[in-house]
1. Let me spell it out: the conditions are (1) farther than 26 Å from residue A:249 by Cα; (2) at pLDDT below 95; (3) not basic (Lys, Arg), and residue A:19 meets all of them except one. Which number is the exception?
2. Could you list, ordered by first residue, the pairs with Cβ atoms under 7 Å in which the first is in segment B:48-60 and more than 14 Å from chain A (Cβ to nearest Cβ) and the second is charged (D, E, K, R) and surrounded by fewer than 22 Cβ atoms within 10 Å (Cβ to Cβ), at least 6 apart or interchain?
3. So how many residues does segment B:1-11 have that are surrounded by 19 or more Cβ atoms within 10 Å (Cβ to Cβ), within 27 Å of residue B:198 (Cβ to Cβ) and of a type in the set (Gly, Ala, Ser)?
4. State the number of residues belonging to segment B:95-126 that are of a type outside the set (Val, Ile, Thr), more than 7 Å from chain A (Cβ to nearest Cβ), more than 9 Å from residue A:189 (Cβ to Cβ) and crowded, with 18+ Cβ neighbours inside 10 Å.
5. Out of B:168, B:152, B:175, report the one residue that is of a type outside the set (Ser, Thr, Tyr), surrounded by 22 or more Cβ atoms within 10 Å (Cβ to Cβ) and farther than 16 Å from residue B:100 by Cα.
6. Return yes when residue B:79 is closer than 30 Å to residue B:141 by Cα, more than 8 Å from chain A (Cβ to nearest Cβ), surrounded by 16 or more Cβ atoms within 10 Å (Cβ to Cβ) and modelled with pLDDT of 95 or more and no when it is not.
7. Hey, any hits in segment A:199-219 for a residue that's in contact (Cβ under 8 Å) with a residue 12 or more places away in the chain, farther than 30 Å from residue B:88 by Cα and in contact with a His (Cβ under 8 Å, 6 or more places away or on another chain)?
8. Applying the selection to segment B:156-165, what residues are of a type in the set (Gly, Ala, Ser) and either touching a helix residue (DSSP H, G or I) at 6+ places or on another chain (Cβ under 6 Å) or not in a helix (DSSP H, G or I) (or both)?
Amino acid sequence: MRLSTKAVTLLVLSLVIAVAPLFFPSTFYYRVGSLIFINGLAVTGLVILIGYAGQISLGHAGFFGIGAYACALAPAHLGLHPVLAAVLGAVLSGVVAYVVGKPILRLKGYYLAVASLGFGVLVAMVLANEAWLTGGPDGIAVADPGLRALLRGFGVDLSNAQFWYGFCGLVLVLGAWLALNLYHSPTGRALRALHGSEVAARTVGVDVARYKLNAFVISAVYASVAGSLLALQNRLVTPDMAGFMHSIEMVTMTVLGGAASVPGAILGAAILTALPQVLTVFQEYEQLMLGLVMMLVMIFMRQGLLPSLARLLRGRGG
Amino acid sequence: MSLLRVEGLGIDFGGLRAVHDVGFSVGPGEIVSVIGPNGAGKTTLFNMISGLYLPGRGRVSLDGADVTGMEPHLLAARGLSRTFQNLQIFQAMSVLENVAAGHHLHEKGPVIADMLSLPSSRRRSRQTRDSAHALLERVGLARAAEHEAGSLSYGALKRLEIARALALEPRVLLLDEPAAGCNAVETEEIDRLVAEVAAGGVAVLLVEHDMRMVMRISSHIVVLDHGEKIAEGEPASIARNPRVIEAYLGAQAGEANDAVG
């Protein structure tokens, strides 16, 4: 039997995650890897919003921030376990996305980009200024979720970096599986249809406003879970996690790899996450580079890296 | 009993009366054609009936129920489906998926089930796939099923739109120039397809410029000029109607001037 594209994508992704550590020159690369997986997860959510449904959000770092701060605040103030706090953050992000998106997505056009931009800035400002709750610009510590200790109980002893590498990798594969399922499902078809022609989608019965809202809520939950993972791994949250630059970074990763392609977007996340970690030059000029990458992609390969390469390989040209 | 009834329908764009006081009805199995010179308001009329424009005046009813100004997706749920004069294809999707998207109302289900690829979701997709294949077979596009829709010829895209509109299993079908840009053979195929659909009990409303096709398959013709209905009746009587002939000759003279200028 021929394997479906979905199965191949998931297999390759799992294989790369499992095999890559064999080539790591130092344990530092586990850390780079888990950062890639966390960004990859957030970006997979954006594939559903941007790539499937054709809607732009410039404030997704806001949801990333909600997920991250939920892991810091809920255990301290509500006595929740950090993992449950992550679930609470995801639910909260979903609800907030619903409330923000509901009135906006009734309108046609790019209102969501503007509204989400405002929302993201708002979240970042609250996190930076309400120091009594959030610790202000210095951030706030996150309790140990105790997952590593749990694993040690089963006789698996991993270093901290190894554990988070594996755990984030697992969540990424799960997130990719859900997103790929969605792509080929009736809901995914409706989303891609309204992206292709909103008028035609409406006339075949797609409740366009509702489906856009679904995509926005789902992508917000992805960003929130990614934020929670980073908070739990770093054991520290800071307001820049929710900052505007982070939102732009996520959108750039998505369009670089290929907005409509889950593996493409993960590749985009990998490139833009690894470069500043490995090349310090890139780190200094990160904002400049992000702008440059975004422009080059839009001019030379509007479908993104992976779809363009795939076309080239099939001999049809970019 | 008419499935689609339009009464006193009108709309203005700024100061312009685009459509004024148009009324007619279409029964099950009937093919009613709307003809008229370019700019007569045919597509505007279609856009009002299918819920894309909110009518300024008048009433549209579907199977006796008032549906004036209802959202297109709700009209679709009541069995009204349409095609577009300027194609509205889902370009990035495959030919099969375009038709599958037309099955939306039959295949939609909970998002969670779709994300988890639960058996219920896979079953819905499979059923859609099967009936989409059957529809492509019917319009002669079965062999192009896996092609990207954007790669098809104009005539093929016209048929693809019809297949997508039929996927809804409509009771009322609005076709906006289905044969435009098609060659004689393709026109004849579309002709046969439309007649077949009507024979199945669907009420068909047609805008078409190919007069031979219109005369051949219409049970009834409505003629618009400058947004108003100037004639209505059997094909034979319309062909002899002096007002219709005048409207058309006038329009043709106008077009000739445009081409020269």
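The values are calculated or read from the model by the stated rules, or taken from the named source; none is laboratory data. Since we're looking at a predicted model, the values are computed, not measured. As a convention, Cβ positions derive from the backbone with ideal geometry for all residues, glycine included, and neighbour counts pool all protein chains shown.
1. (2)
2. Filtered contacts from segment B:48-60: B:56/B:12; B:58/B:7; B:59/B:7; B:59/B:66.
3. Total satisfying the criteria: 0.
4. Here is the first cut: in segment B:95-126, the residues of a type outside the set (Val, Ile, Thr) are B:96-98, B:100-110, B:113-126.
Retained after the next criterion (residues that are more than 7 Å from chain A (Cβ to nearest Cβ)): B:96, B:98, B:103, B:106, B:110, B:113, B:118-120, B:122-123, B:126.
From what's left, more than 9 Å from residue A:189 (Cβ to Cβ): B:96, B:98, B:106, B:110, B:113, B:118-120, B:122-123, B:126.
Now restrict to residues that are crowded, with 18+ Cβ neighbours inside 10 Å: B:96, B:98, B:113.
So the count comes out to 3.
5. Details: B:168 fails: farther than 16 Å from residue B:100 by Cα; B:152 fails: surrounded by 22 or more Cβ atoms within 10 Å (Cβ to Cβ).
The conditions single out B:175.
6. Numbers: closer than 30 Å to residue B:141 by Cα: yes; more than 8 Å from chain A (Cβ to nearest Cβ): yes; surrounded by 16 or more Cβ atoms within 10 Å (Cβ to Cβ): yes; modelled with pLDDT of 95 or more: yes.
Criteria met by residue B:79.
7. Here is the first cut: in segment A:199-219, the residues in contact (Cβ under 8 Å) with a residue 12 or more places away in the chain are A:206, A:208-209, A:211-219.
In the following step, the residues that additionally are farther than 30 Å from residue B:88 by Cα were identified as none.
Scanning segment A:199-219 turns up no residue that is in contact (Cβ under 8 Å) with a residue 12 or more places away in the chain, farther than 30 Å from residue B:88 by Cα and in contact with a His (Cβ under 8 Å, 6 or more places away or on another chain).
8. Kept after step one, since they are of a type in the set (Gly, Ala, Ser), are these residues of segment B:156-165: B:156, B:163, B:165.
Within segment B:156-165, just B:163 meets the criteria.
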